[in-house]
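What follows is a set of notes on a single structure, which appears directly below.
The values are calculated or read from the model by the stated rules, or taken from the named source; none is laboratory data. What you are looking at is a predicted structure, and each value in this text was computed from that prediction instead of being measured. Backbone-built Cβ (ideal geometry, glycine too); neighbour counts: all protein chains shown.
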Amino acid sequence: MIVAKDLNGVIGKQGKVPWHLRADMLHFKSTTEGKIVIMGRKTYDSLPAKFKPLPNRWNVILTRNQNFPAPKCTILTSPEEVLQLSQLQEVFVIGGEKIYKLFMPFASRLIVTEVNVEVIDGDAFFPPMDQTWSGRIIKGVETDEKNPFSFWIVEYTRTRV
């Protein structure tokens, strides 16, 4: 899984990511390119048109609607299909809230951007991580003209099941 969240676990507000961090977007791109990305319908709908589908990735949308219109994407209708796919190749679950909650029990690695901000009125959250996760900071980024908030990229691995 890969996610960016605020200090309270907020990942979205009114269908959008509540910040724009250039360095984090570049990290997301370099980490997920050439990989399978799994997203829910709402996450797909929230992508800007020019990024549908996300370039240089196998875009998979998990939705109950098998006729969901998403050109050049794979539509799956059951979590079991996603889990089968994950046996073939590394996948990155990229959201949203329901999809993260659904696959958290199966995850062994999380790449989390911890944004140094508290979003007011956030309405989508990353599920809490329990004591089975152990993290190490990969990178820290300070505030600058393209990154209005400082943040840390942390890789978590599951230490116990």
Inset, instruction - Take residue 28 and decide whether it is outside any strand (DSSP E or B), hydrophobic (A, V, I, L, M, F, W, C) and farther than 21 Å from residue 110 by Cβ. - result: no
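Residue-wise test of (1) more than 20 Å from residue 17 (Cα to Cα); (2) modelled with pLDDT of 95 or more.
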{"residue": "85", "(1), (2)": "yes, no"}
{"residue": "114", "(1), (2)": "no, yes"}
{"residue": "119", "(1), (2)": "no, yes"}
{"residue": "127", "(1), (2)": "no, yes"}
{"residue": "137", "(1), (2)": "yes, yes"}
{"residue": "147", "(1), (2)": "no, yes"}
Legend entry - Criterion violated by residue 129 - all others in (1) touching a residue at least 60 places away in the same chain (Cβ under 8 Å); (2) surrounded by 15 or more Cβ atoms within 10 Å (Cβ to Cβ); (3) assigned to a loop (DSSP other than H, G, I, E, B) satisfied: (1)
Legend entry - Flag if residue 33 is farther than 26 Å from residue 149 by Cα, among the acidic types (Asp, Glu) and touching a residue at least 24 places away in the same chain (Cβ under 8 Å): no
Legend entry - Matching residues, the stretch 136-161, being of a type in the set (Gly, Ala, Ser) and surrounded by 15 or more Cβ atoms within 10 Å (Cβ to Cβ): 150
Inset, instruction - Working only within the stretch 43-62, note down all residues that are within 16 Å of the chain's Cα centre (by Cα) and hydrophobic (A, V, I, L, M, F, W, C). - result: 47, 51, 54, 58, 60, 61, 62
Legend entry - residue 119 β-branched (Val, Ile, Thr) and over 13 Å from the mean Cα position of the chain (by Cα): yes
Inset, instruction - Tell me which residues, restricted to the stretch 34-57, are surrounded by fewer than 18 Cβ atoms within 10 Å (Cβ to Cβ) and touching a Leu at 6+ places or on another chain (Cβ under 9 Å). - result: 47
